[in-house]
1. Highest first, please rank the peptides 238-245, 26-33 by the mean number of other Cβ atoms sitting within 10 Å of their residues.
2. For segment 238-281, which semi-axes, largest first and in whole Å, follow from the square roots of 5 times the eigenvalues of its Cα gyration tensor?
3. Nearest 20 debye, what's the magnitude of the dipole of segment 166-300 about its Cα centre given +1 on Lys and Arg Cβ and -1 on Asp and Glu Cβ?
4. Computed over the Cα atoms of segment 166-300, what is the ratio Rg over Rh, Rh following Kirkwood?
5. Would you mind getting me the FRET efficiency between T111 and E150? Use the beta-carbon distance for r and R0 = 22 Å, nearest 0.05.
6. Considering all alpha-carbon pairs of segment 103-177, what whole percent are spaced by more than 22 angstrom?
7. Compute, for segment 3-154, the length of the dipole vector about the Cα centre, with Cβ point charges of +1 (Lys, Arg) and -1 (Asp, Glu) only. Units Debye, rounded to 20.
8. At 1.567 mPa s and 4 °C, plugging the Kirkwood radius over alpha-carbon pairs of segment 3-154 into Stokes-Einstein gives what diffusion coefficient in µm²/s?
Amino acid sequence: MAQPSQGTRFTADPLTFIVRHELWDGNIQDHADQGVSIDVAADIAGRETALLRFNCFDIERSYIYGPENPDLHIAAPMMLGGAERARAGMGQLYRMDPVTDGNPIGWTIRTLETKLPKMLDRAGYPQVAAATNLETVRGVLPAVEACARELFGARRNTVKHNRGTDIFEAGNIRFGLEMRRLPVGDGGLAIHVLGDIGGATRKSYVEETELLAFDCFWDGAHYHYGPRNKNHRIYWDMTLVDDPLHWVFEQLENRKLAAMIDRAGYPGVAADVDLDKVASVLPAMKRRAFEMWAEGERLTGHKGLPLAPTPNLVAD
């Protein structure tokens, strides 16, 4: 039975399957990623403990034996020296192969249907493995799968920003500059990279979509690959990046834009980007960006930060 408590829970005594949506930010949690985790948990010494974990993310596709087992030790093959691959308390992580295993949620459910007791035993929980009834497990797995697939799409963190107040056309894309301020007070100059998706520009149903976003904030400076698509978000390491706005223009001037749009999930748009056309608009755009950068510092003491909050076009 599903219970909405710290993830959606499904019980097949002695096990509980816990399904969660997770968002990872680059340089905060780990690499930039999103997806669904499926934990196989049970009561161990009076505490609910994750025995196995399956990461069904856009990029991170892996499973972990004993993620909370401090006594788990798994040796590497002899040809690799036989050294232990797992440090105490960290579990043993294996990668799914996206080519041979296919969709990570589907692979996880198929694996749980047939291999669960063996995996529990290897994770260091032989008593739980012996008490597990695969027929009971198979009875709840369809609900686990349906929940995971629904969360993967419906709970995806995406964002629709404003397009900007100053627009610079550059062939099949355009740039929008905006002085942004979040309700919490963080903010700064934002550069939106926009393109027309889903129809010819003369069609009424064509839609302008934000392909990339660079938020050069004074506190949490970060950028987005595909804000309305995968929305993989990376926070700059401000120890290494002295000034995020200069960093953005360095990437544009070094002709990285098409590759970034491709990574954002828009290969067709990336293929049509005219980097010479982009280069031709950069001087005027750069000049205006630094004017707005200075205006924010004059108004608020923070570069690019306006006085009033600027809510996104579509609220969460």
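Every number here is computed from the coordinates shown, using simple stated rules; none is lab data. All values derive from a computational prediction rather than experimental measurement. Cβ coordinates were reconstructed from backbone atoms using ideal geometry, including for glycine residues, and neighbour counts include every protein chain displayed.
1. Descending mean neighbour count gives 26-33, 238-245.
2. Here the semi-axes work out to 22, 14, 6 Å.
3. So the magnitude is around 340 debye.
4. Across segment 166-300, the Cα-based Rg/Rh ratio is 0.96.
5. Here the calculated transfer efficiency is 0.65.
6. 52
7. 300
8. 81
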